[in-house]
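Novice: I'd like to ask you about the structure that follows.
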Amino acid sequence: MRRVVCMFFILLMSFVSVSAQQNQDSLMIKRISDEIFMNGKAYENLRFLCKKVGPRLSGSAGAALAVEQTARMLREAGADTVYLQPCMVPRWERGAKEIGRASLNNGQTMPLNIVALGNAVGTPVGGISAQVIEVKSFKELEALGADKVKGKIIFYNYRMDPRFISTFAAYGDAGVYRSSGPSRAAALGAVAVIVRTLSPVLDDNPHTGATKYEEGKPKIPAVAISTNGAVELSKAIADGKIGSVYLKTNCKMLEDVLSYNVIGEIRGAEVPAEVITVGGHLDSWDLAEGAHDDGTGCMQSIEIIRAMKALAIRPKRTIRAVMFMNEENGLRGGTKYGEVAKTENKKFIMAMESDAGGFTPRGFGFSADARQKAKIMSWKPLFHPYGALEFNEGGGGADIGPLRPLGTALIGLNPDSQRYMDLHHARTDVFEAVSERELNLGTVVMAAMVYLVSQYGL
């Protein structure tokens with residue numbers, strides 16, 4: 001009986017101890033939250049990045065200026081150390097505005113609202129004119145065969161599936177036509193492709209994004225057409241109104257150039273060799289300001305440094321805010337960071353990425369081992385006051401992915417996804433599309449997770 005009482009007492013004391021610790025953590029997270037909401041700089045930093053720097057395609061003057069300015073922001077945030085990590089990045093240029101039009105059988109023309117896909121080759125100087133064939137799947141393309149495809153322009157009219165609740169799932173489903181569609185069509189002799197924009201809404205904003213040519217297959221011009229434009233083109237084809245389509249693009253790939261990841265860190269007070277990475281990608285596409293993709297993730301990461309310094313928090317472990325370069329069309333920055341990490345003689349215990357927009361945070365997705373998952377899940381109640389209720393297995397981010405082989409737990413911030421693809425890679429991804437309130441709330445939950453890992457490890 002005495003033994004049972006002792007065990008009960010031990011369990012009770014353990015519960016009381018855990019509850020007391022969680023209460024202390026809750027109070028600290030509230031302090032961080034208050035600091036960010038009352039004195040945060042993320043929104044104004046984002047305004048500067050979008051309006052004073054602007055588009056930041058890797059290898060461009062805008063990207064170089066962004067490196068300089070985010071290094072300044074990290075210094076002003078109070079980072080103990082700020083440095084640049086060199087990496088070679090691809091340099092693709094869009095050139096003059098694209099021209100697209102369909103010649104109708106009645107002698108009139110129908111303009112096509114297009115943009116070149118990232119990393120695509122341009123058309124010949126005089127453009128390309130050919131008959132167009134619409135397909136809605138790779139299966140339809142293959143069924144046509146080389147005899148029917150050769151010399152034609154293939155129009156991939158695949159609608160993002162609205163049945164997916166997560167728009168990222170719909171994006172992944174439809175994205176194969178943008179990424180591998182040109183090479184699949186080229187293998188059958190097509191001379192160019194038109195891809196329906198990856199957006200769930202009907203509007204006149206074509207979205208760009210990277211295509212990837214397959215080794216050993218011809219490289220052909222590739223463009224995206226707005227969703228409204230795709231509907232109109234499809235109807236004209238079905239009605240037998242189109243004689244041919246003319247495309248002229250002026251894009252080209254140049255030699256790789258030197259660029260940088262931008263890194264600012266707070267040195268750990270007790271276990272400095274254990275590193276927590278938090279970041280977003282600094283580069284953006286060239287059509288807009290890259291506000292949600294991914295200016296928000298970068299500014300949130302800088303703000304975590306600023307808030308901790310403002311509150312005089314001395315994290316036990318080293319915290320690094322990283323602005324990764326070249327996520328959009330090469331992933332060179334994330335790859336370089338992973339390569340260097342392997343040589344640093346440090347333990348990279350956790351990496352968090354914010355690259356899903358600055359919308360209301362819903363929670364996290366994480367990739368980790370069983371022990372790490374259990375610890376992360378134990379903190380879930382601390383996030384309830386901030387509405388971050390979803391803790392899902394599977395997640396992380398493209399730039400932090402190279403750290404996983406090191407045993408690093410990967411965590412991705414999961415904001416509400418419903419509006420993100422409306423703006424993604426389009427001219428509408430501008431500062432005005434970001435809510436200061438939502439941006440700050442996302443920063444709060446990120447900072448809370450970083451704080452907990454810095455205090456207790458993984």
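Novice: Within the group Arg72, Arg91, Arg101, which residue is over 29 Å from Phe383 (Cβ atoms), among the basic types (Lys, Arg) and touching a Gly at 6+ places or on another chain (Cβ under 7 Å)?
Specialist: Result of the check over Arg72, Arg91, Arg101: Arg91.
To keep it simple, each residue is scored yes or no on (1) touching a helix residue (DSSP H, G or I) at 6+ places or on another chain (Cβ under 8 Å); (2) outside the structural domain of Arg427 (by TED's automatic domain parsing); (3) not charged (D, E, K, R).
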| residue | (1), (2), (3) |
| --- | --- |
| Ala185 | yes, yes, yes |
| Leu198 | yes, yes, yes |
| Asp204 | yes, yes, no |
| Ser234 | no, yes, yes |
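Novice: Sticking with this one: Does the range 92-110 contain at least one residue that is farther than 30 Å from Gly127 by Cβ and not aromatic (Phe, Trp, Tyr)?
Specialist: Among the residues of the range 92-110, not one is farther than 30 Å from Gly127 by Cβ and not aromatic (Phe, Trp, Tyr), which makes the answer no.
Novice: For the range 223-255: of the residues being out of contact with any Leu (no Cβ under 9 Å at 6 or more places or on another chain) and assigned to a strand (DSSP E or B), which is nearest to Phe348 (Cα to Cα)?
Specialist: Going through the qualifying residues, I end up with Glu255.
Novice: For residues that are farther than 12 Å from Gly358 by Cα and in a strand (DSSP E or B), tally how many sit in the range 256-302.
Specialist: Selection size over the range 256-302: 21.
Novice: Could you check Lys336 against (1) surrounded by fewer than 24 Cβ atoms within 10 Å (Cβ to Cβ); (2) farther than 22 Å from Cys87 by Cβ and say which number it fails?
Specialist: If we test Lys336 against (1) surrounded by fewer than 24 Cβ atoms within 10 Å (Cβ to Cβ); (2) farther than 22 Å from Cys87 by Cβ, just (2) comes out false.
Novice: Another question, then. Name the residue, out of Gly457, Gly365, Gly395, Gly442, that is over 30 Å from Ser226 (Cβ atoms), of a type in the set (Gly, Ala, Ser) and touching a Leu at 6+ places or on another chain (Cβ under 8 Å).
Specialist: Result: Gly395 is the single residue among Gly457, Gly365, Gly395, Gly442 that is over 30 Å from Ser226 (Cβ atoms), of a type in the set (Gly, Ala, Ser) and touching a Leu at 6+ places or on another chain (Cβ under 8 Å).
Novice: So, one more: Go through the range 379-389 and report how many residues are in a loop (DSSP other than H, G, I, E, B) and buried (at least 16 other Cβ atoms within 10 Å of the Cβ).
Specialist: 2
Here is a yes/no grid of residues against (1) modelled with pLDDT under 95; (2) of a type in the set (Lys, Arg); (3) part of a loop (DSSP other than H, G, I, E, B); (4) in contact with a Cys (Cβ under 7 Å, 6 or more places away or on another chain):
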site: Tyr337; (1), (2), (3), (4): no, no, no, no
site: Val340; (1), (2), (3), (4): no, no, no, no
site: Glu344; (1), (2), (3), (4): no, no, yes, no
site: Phe359; (1), (2), (3), (4): no, no, yes, no
site: Phe364; (1), (2), (3), (4): no, no, no, no
site: Met377; (1), (2), (3), (4): no, no, no, no
site: Phe391; (1), (2), (3), (4): no, no, no, no
site: Arg404; (1), (2), (3), (4): no, yes, no, no
site: Ala426; (1), (2), (3), (4): no, no, yes, no
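Novice: May I ask you to say which residue of Gly189, Gly243, Gly216 is surrounded by 16 or more Cβ atoms within 10 Å (Cβ to Cβ), assigned by TED's automatic domain parsing to the domain that holds Lys148 and small (Gly, Ala, Ser)?
Specialist: Gly189
Novice: Of the residues that sit in the range 135-168 and are within 28 Å of the chain's Cα centre (by Cα) and of a type in the set (D, E, K, R), which one is surrounded by the fewest Cβ atoms within 10 Å (Cβ to Cβ)?
Specialist: My answer is Arg163.
Novice: Now a separate question. Please determine, by comparing only the residues of the range 156-192 that are assigned to a loop (DSSP other than H, G, I, E, B) and of a type in the set (Lys, Arg), which one is farthest from Leu202 (Cα to Cα).
Specialist: Residue satisfying both the conditions and the ranking: Arg163.
Novice: Output the number of residues of the range 45-62 satisfying the condition of being in contact with a helix residue (DSSP H, G or I) (Cβ under 9 Å, 6 or more places away or on another chain) and assigned to a helix (DSSP H, G or I).
Specialist: The total comes to 10.
Novice: Could you check Ile313 against (1) part of a helix (DSSP H, G or I); (2) surrounded by fewer than 24 Cβ atoms within 10 Å (Cβ to Cβ); (3) of a type in the set (A, V, I, L, M, F, W, C) and say which number it fails?
Specialist: That leaves (1) as the condition not met.
Novice: Right, next: If Ala143 satisfies all but one of (1) hydrophobic (A, V, I, L, M, F, W, C); (2) under 28 Å from Leu287 (Cβ atoms); (3) free of Cβ contacts under 8 Å to residues at least 24 places away in the same chain, what's the number of the condition it fails?
Specialist: It is condition (2) that Ala143 fails.
Novice: For the range 271-303, name all the residues that are aliphatic (A, V, I, L, M) and within 19 Å of the chain's Cα centre (by Cα). Even if it seems obvious, please write down each step before you answer.
Specialist: Initially, the range 271-303 is screened for residues aliphatic (A, V, I, L, M), giving 271, 273, 275-276, 278, 282, 287-288, 291, 299, 302.
If the condition is that a residue be aliphatic (A, V, I, L, M) and within 19 Å of the chain's Cα centre (by Cα), then Val278, Leu282, Leu287, Ala288, Ala291, Met299, Ile302 are the ones that fit.
The values are calculated or read from the model by the stated rules, or taken from the named source; none is laboratory data. What you see is a predicted model, and the numbers here were worked out from it, not measured in a lab. Cβ atoms come from the backbone with ideal geometry, glycine included; neighbour counts cover every protein chain shown.
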